[in-house]
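Trainee: First, the structure itself, so that you have it in front of you.
The values are calculated or read from the model by the stated rules, or taken from the named source; none is laboratory data. This is a predicted model, so every value here is computed, not measured. Virtual Cβ from ideal backbone geometry, glycine too; neighbours counted across all protein chains shown. With ligands, DNA and RNA removed, areas are computed over all heavy atoms of the protein, side chains included. Shrake-Rupley method; radii C 1.70, N 1.55, O 1.52, S 1.80 Å.
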Amino acid sequence: METVIAFIIIFGSLVFFHELGHFLFAKKAGIMVREFAIGFGPKILAIRKKETLYTIRILPFGGYVRMAGEDFDSVELLPGYRVGVVLNDSDEVEKIYLNREIANPNVLFLETESADLSKELYIEGYDEDGQLVRYNVSREAIIYEKGQETLIAPYDRQFDSKPLGSRAMAIFAGPLFNFILSFFIFLAIGLLNGVPKDEPIIAEVVKDTPAYAAGMEAGDRIKEVDGNVVDKWSQFTGIIQEKPGEKIQVKVERAGELLTMTMTPSTIVDSGQEFGQIGVKYAPEYEKSPLKALQYGATETVNWITRIFELLGMLVTGKFTIDALSGPVGIYKATEEMARFGIFTLMNWAAILSINLGIMNLLPLPALDGGRLLFFLYEAVRGKPVDKQKEGMVHFVGIMLLMVLMVVVTWNDIQRFFF
């Protein structure tokens, strides 16, 4: 149960901050946000505040911010269409009924001749006496259809009306907020738990390993590996991992004396990739400093962004296979494992997941934020946007392919963890 709660809190927080980025920058650009949703599927909770509906939905595997004008959500009143309208004190249309079940005595019925609910904001039609009348439509007019209320979106409040830079920023802000969230999580770890000193000092040497055979002992400080000066433990482990099966020389300091040892790291295979290992353990020491915590938050965020991009490069070049990818089941199992090591390990895992979510959304694939940004780049080069129907079809195909990939990855996770 603790794992379920941890998974929901972590994944929900990552999605919330991602969508919050889209939401805030859309609002800043003057775009009407119709819905801010966490999850997919049927609504569990819905609260309307001004023009935005805030919802929590039953499937907690994502979320979305629905902006006016993005999904062909505008209503077009065709000639001959019969509507009911209610006027405000300024004789502007404030309510438009598109069905016949109307329980409002103030409704005027019109047979539409022409209308524009986006740019010119008017309705022209024949009233019940056969007279052609024209009414301006309020910018806050509400459309009622089949029990649903929809606030009209004047063109200047729609996504497509905004400059290219504002639209691109509203899309890029989602991944950006994931990176910002990671920074603050790492910062919180540094402030609460302290920043690891990362000194290259051996805490323990495992028996019957390359390090043990070479004579390495607990307390040794690593100075060099193959002539490369080592200042940090992470630097040392990085070098060792890159040299599986290769003979190396390690220079250590012991009681003020420099010793040189020769060893060959064992080869460890993980997710289809080979890593070097010599059999030593590290016992980190921590120090609490607001300035170092700030630096730790920034460096860890940058390091993990770099590392995840490197792993993606390995996936593209074939060094990783699709079997190395994890979906919701794999993330859940990893969360369960991380929770065993305490709150700070779980926080570190959440920060890494947040960076993963940001980077994955920046991939130039249809239906993802990166795919939309790619269309914006094409628009900037071409000088005009791609046809909305063609772009929508590309994104639809992308969604279908992503769903297939999700099914494959989830099935691999189920086989890996349960069979």
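Trainee: Sort through E199, E128 and tell me the only one that's in a loop (DSSP other than H, G, I, E, B) and in contact (Cβ under 8 Å) with a residue 24 or more places away in the chain.
Mentor: Exactly one residue qualifies, and that residue is E199.
Trainee: Can you name the residue in region 397-412 that is more than 17 Å from F61 (Cα to Cα) and over 19 Å from the mean Cα position of the chain (by Cα) and is also surrounded by the most Cβ atoms within 10 Å (Cβ to Cβ) among such residues?
Mentor: N412
Trainee: Return only the number of the condition from (1) open to solvent by 80 Å² or more (accessible area, probe 1.4 Å); (2) more than 15 Å from E76 (Cα to Cα) that F109 does not satisfy.
Mentor: Result: F109 passes all but (1).
Trainee: For region 67-86, name all the residues that are crowded, with 16+ Cβ neighbours inside 10 Å and in contact with an Asp or Glu (Cβ under 7 Å, 6 or more places away or on another chain).
Mentor: G69, V86
Trainee: Just need a number here: residues in region 1-18 that are open to solvent by 90 Å² or more (accessible area, probe 1.4 Å) and free of Cβ contacts under 8 Å to residues at least 40 places away in the same chain.
Mentor: Going through region 1-18 one residue at a time, the tally reaches 2.
Trainee: Conditions first: (1) β-branched (V, I, T); (2) assigned to a helix (DSSP H, G or I); (3) over 19 Å from the mean Cα position of the chain (by Cα). I31 passes all but one, so which condition is the exception?
Mentor: So the condition that I31 fails would be (2).
Trainee: Follow-up question, since we're still on this one. Just give me the residues in region 44-66 being within 23 Å of M406 (Cβ to Cβ), open to solvent by 20 Å² or more (accessible area, probe 1.4 Å) and either not in a strand (DSSP E or B) or not hydrophobic (A, V, I, L, M, F, W, C) (or both), in sequence order.
Mentor: Matches in region 44-66: R57, P60, Y64, R66.
Trainee: Let me ask something else. Looking at region 146-162, which of the residues that are in contact (Cβ under 8 Å) with a residue 24 or more places away in the chain and charged (D, E, K, R) is least open to solvent (accessible area, probe 1.4 Å)?
Mentor: K162
Trainee: With respect to G41, is the statement that it is over 30 Å from L346 (Cβ atoms), of a type in the set (G, A, S) and either open to solvent by 50 Å² or more (accessible area, probe 1.4 Å) or not in a helix (DSSP H, G or I) (or both) true?
Mentor: Criteria not met by G41.
Trainee: Regarding region 233-242, can at least one residue be identified that is assigned to a loop (DSSP other than H, G, I, E, B), out of contact with any helix residue (DSSP H, G or I) (no Cβ under 9 Å at 6 or more places or on another chain) and either more than 28 Å from N356 (Cα to Cα) or not hydrophobic (A, V, I, L, M, F, W, C) (or both)?
Mentor: Scanning region 233-242 turns up at least one residue that is assigned to a loop (DSSP other than H, G, I, E, B), out of contact with any helix residue (DSSP H, G or I) (no Cβ under 9 Å at 6 or more places or on another chain) and either more than 28 Å from N356 (Cα to Cα) or not hydrophobic (A, V, I, L, M, F, W, C) (or both).
Trainee: Under the condition of being β-branched (V, I, T) and in contact with an Asp or Glu (Cβ under 9 Å, 6 or more places away or on another chain), which residue from region 192-225 is farthest from V280 (Cα to Cα)?
Mentor: V195
Trainee: Could you grab me the full set of residues in region 212-226 that are touching a residue at least 40 places away in the same chain (Cβ under 8 Å) and either open to solvent by 50 Å² or more (accessible area, probe 1.4 Å) or under 43 Å from the mean Cα position of the chain (by Cα) (or both)?
Mentor: Y212, A213
Trainee: So in region 131-165, with the set limited to residues that are at pLDDT 90 or above and small (G, A, S), which one is farthest from K95 (Cα to Cα)?
Mentor: So the residue we want is G165.
Trainee: Restricted to region 227-264, and to residues that are in contact (Cβ under 8 Å) with a residue 12 or more places away in the chain and acidic (D, E), which residue is surrounded by the most Cβ atoms within 10 Å (Cβ to Cβ)?
Mentor: E253
Trainee: Here is a further query. Can you confirm whether region 79-98 contains a residue that is in a loop (DSSP other than H, G, I, E, B), at pLDDT below 95, under 40 Å from the mean Cα position of the chain (by Cα) and under 24 Å from Y155 (Cβ atoms)?
Mentor: Yes.
Trainee: Taking T112 as the residue in question, decide whether it is within 30 Å of F396 (Cα to Cα) and not in a loop (DSSP other than H, G, I, E, B).
Mentor: The answer is no for T112.
Trainee: If the requirement is being polar (S, T, N, Q), touching a helix residue (DSSP H, G or I) at 6+ places or on another chain (Cβ under 9 Å) and farther than 30 Å from S13 by Cα, which of these qualifies: S118, S90?
Mentor: S118
Trainee: I'm checking my understanding of the structure. Among residues of region 342-370 that are under 17 Å from I9 (Cα atoms) and either in a loop (DSSP other than H, G, I, E, B) or of a type in the set (S, T, N, Q) (or both), which one is least open to solvent (accessible area, probe 1.4 Å)?
Mentor: S354
Trainee: Which number in (1) in a strand (DSSP E or B); (2) among the aliphatic types (A, V, I, L, M); (3) open to solvent by 40 Å² or more (accessible area, probe 1.4 Å); (4) touching a Ser or Thr at 6+ places or on another chain (Cβ under 9 Å) marks the one condition that I143 misses?
Mentor: (3)
Trainee: Report yes if G165 is in a helix (DSSP H, G or I), surrounded by fewer than 13 Cβ atoms within 10 Å (Cβ to Cβ), free of Cβ contacts under 8 Å to residues at least 24 places away in the same chain and of a type outside the set (K, R), otherwise no.
Mentor: Yes; evaluated as a whole, the condition is true for this residue.
Trainee: Quick one: which of I305, I278 is modelled with pLDDT of 90 or more, surrounded by 13 or more Cβ atoms within 10 Å (Cβ to Cβ), of a type in the set (A, V, I, L, M) and over 24 Å from the mean Cα position of the chain (by Cα)?
Mentor: I278
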